[in-house]
Amino acid sequence: MLPLQQFTRFIEQNRLFDYNGTVLAAVSGGMDSVLMVHLLKAAGYQFAIAHCNFQLRGNDAIADQAFCAALANQNNIPFHTINFNTQKYATENKVSIQMAARELRYNWFEQLRQQNQYTAIALAHHQNDAIETILLNLVRGTGIAGMHGILPKNGALVRPLLFLNREEIEQLINDNGLEYVEDSSNASTKYARNKLRHEVIPKLRELNPALENTFQNNLERFKDLETLLDLRIAELKAGLLTQTGGEIHIRISAVKALNPQRLLLFKLLQPYGFNETTIDDLISSLNKHSGRVFESAIFRLILDRDKLIIAPLDKPVHQVVSISEMERTAIYGGYRLNILHDEAPVIIKDNPMVVSIDAAKLVYPLSIRAWEQSDSFYPLGMKTRKKLSDFFIGLKIPVHQKTQIPLVINGNGDVIWIGGYRPDDRYKVTENTKKVTIFELYKAG
């Protein structure tokens with residue numbers, strides 16, 4: 001007898017898929033997936049079978065493929081199969097054979113699901129697979145998410161056999177006389193999962209004969225803890241993260257008050273690509289390294305004076321844009337510069353994005369570029385030279401913003417204007433000015 005009541009109850013309790021939908025069952029031909037096929041059939045679910053030949057085991061792989069085709073034909077079930085050049089894929093993508101096979105099959109399953117409007121992809125993982133996953137995660141290092149093992153449902157992927165362990169599946173296969181094929185690679189201990197399966201877990205079962213039940217209970221507890229943590233992180237995000245333009249700001253005083261600090265700060269910053277090593281460095285710098293910058297693959301985190309700043313990892317603008325005397329518009333990075341000429345000595349006040357310059361002092365071609373460490377100028381109203389780096393520090397401009405500020409440079413190399421901030425005093429409009437050039441800076445788009 002098949003455990004149909006337990007099977008359907010597990011599907012319904014975990015909302016794996018609707019009875020009226022059509023499921024895509026991933027079938028290798030092993031006892032786990034064969035039992036899943038017979039359970040789905042006996043319970044009256046509509047489904048199709050998908051089988052992958054990874055072309056790694058020669059005639060054995062061909063025989064498995066033929067077995068799955070016959071299983072589908074005998075039960076009048078739609079059948080999909082594909083041959084993968086797994087070795088070639090692994091070499092081209094520089095991944096292991098195991099990772100190549102995983103990527104190939106899951107991508108294909110999802111493609112089939114979308115093309116045929118299957119409601120879910122059913123995988124035949126069971127409780128022992130969940131135990132092995134947890135142990136592998138512990139050995140390799142994991143957060144709390146790695147402690148719940150394999151979930152019954154993860155997006156379109158569902159696992160309707162997680163209510164059974166390996167011994168129960170084997171017993172059901174034998175009691176019901178169900179035919180299956182055995183993958184010879186399952187007996188090899190050269191793979192980490194097989195080593196756990198054949199060498200480690202039997203020893204653990206000696207300590208606890210009810211190992212599967214214990215792990216199942218622990219799995220539920222870990223899932224509950226993960227839910228609590230996710231709720232706490234959602235509360236913290238709402239209260240601590242402030243959107244300012246295209247940046248995220250977090251008050252350092254609030255970061256210091258987090259408890260447990262390392263775990264909560266990691267969970268807050270993880271979506272931006274920052275790992276635990278970065279979190280450790282950040283925490284050690286909170287009281288002593290204002291201005292320090294940390295980078296992930298896509299974001300930059302700046303330890304400012306009283307806040308953390310998270311900004312997209314914009315690449316510094318390295319281009320230099322030349323401006324001839326005849327040009328009236330120039331595009332630089334994310335800015336547009338308009339150039340106007342006026343016979344009257346106009347002085348623009350109270351608009352940092354517009355500046356009037358004594359036209360007689362301009363040497364063409366002008367240029368626009370980003371700041372360099374050696375740059376200096378005479379800030380408007382001052383008669384002494386100041387390094388731009390000191391000027392930026394005085395205005396508390398974060399490090400990541402400095403490289404995005406356009407500088408208008410005279411043909412003789414002088415900084416005429418720090419766009420949006422301050423012109424050079426030597427180029428200001430005076431009572432002796434006969435003609436002015438007006439620069440207007442706009443954010444492009």
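The values are calculated or read from the model by the stated rules, or taken from the named source; none is laboratory data. Here the structure is a predicted model, which means the values were calculated and not measured. Note that we place each Cβ from the backbone using ideal geometry, even for glycine, and neighbour counts take in every protein chain shown.
Data overview
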quantity	calculated
Index of the failed condition, Ser28 passing every other in (1) part of a loop (DSSP other than H, G, I, E, B); (2) in contact with a helix residue (DSSP H, G or I) (Cβ under 6 Å, 6 or more places away or on another chain); (3) of a type in the set (S, T, N, Q)	(2)
The stretch 134-156, subset of a type in the set (S, T, N, Q) and out of contact with any helix residue (DSSP H, G or I) (no Cβ under 8 Å at 6 or more places or on another chain), residue farthest from Leu39 (Cα to Cα)	Thr142
Test: residue in the stretch 118-138 that is in the same structural domain as Asn217 (by TED's automatic domain parsing), loosely packed, with under 15 Cβ neighbours inside 10 Å and part of a loop (DSSP other than H, G, I, E, B)	no
Answer residue from the stretch 396-432, given it is more than 17 Å from Gly381 (Cα to Cα) and β-branched (Val, Ile, Thr) and is modelled with the lowest pLDDT among those	Val399
Residues (out of contact with any Ser or Thr (no Cβ under 8 Å at 6 or more places or on another chain), assigned to a helix (DSSP H, G or I) and in contact (Cβ under 8 Å) with a residue 40 or more places away in the chain) located in the stretch 73-105	Gln98, Arg105
The listed residue being of a type outside the set (A, V, I, L, M, F, W, C) and more than 21 Å from Val37 (Cα to Cα), out of Arg205, Arg159	Arg205
Test: residue in the stretch 284-293 that is among the hydroxyl-bearing types (Ser, Thr, Tyr) and under 21 Å from the mean Cα position of the chain (by Cα)	no
Single unsatisfied condition, Asn432 versus (1) in a loop (DSSP other than H, G, I, E, B); (2) surrounded by fewer than 18 Cβ atoms within 10 Å (Cβ to Cβ); (3) under 46 Å from the mean Cα position of the chain (by Cα)	(3)
The stretch 22-76, residues that are among the β-branched types (Val, Ile, Thr) and either under 18 Å from Gln98 (Cα atoms) or more than 37 Å from the chain's Cα centre (by Cα) (or both)	Val27, Ile62
Unique match (being assigned by TED's automatic domain parsing to the domain that holds Ile121 and modelled with pLDDT of 85 or more) among Leu236, Leu162, Leu231	Leu162
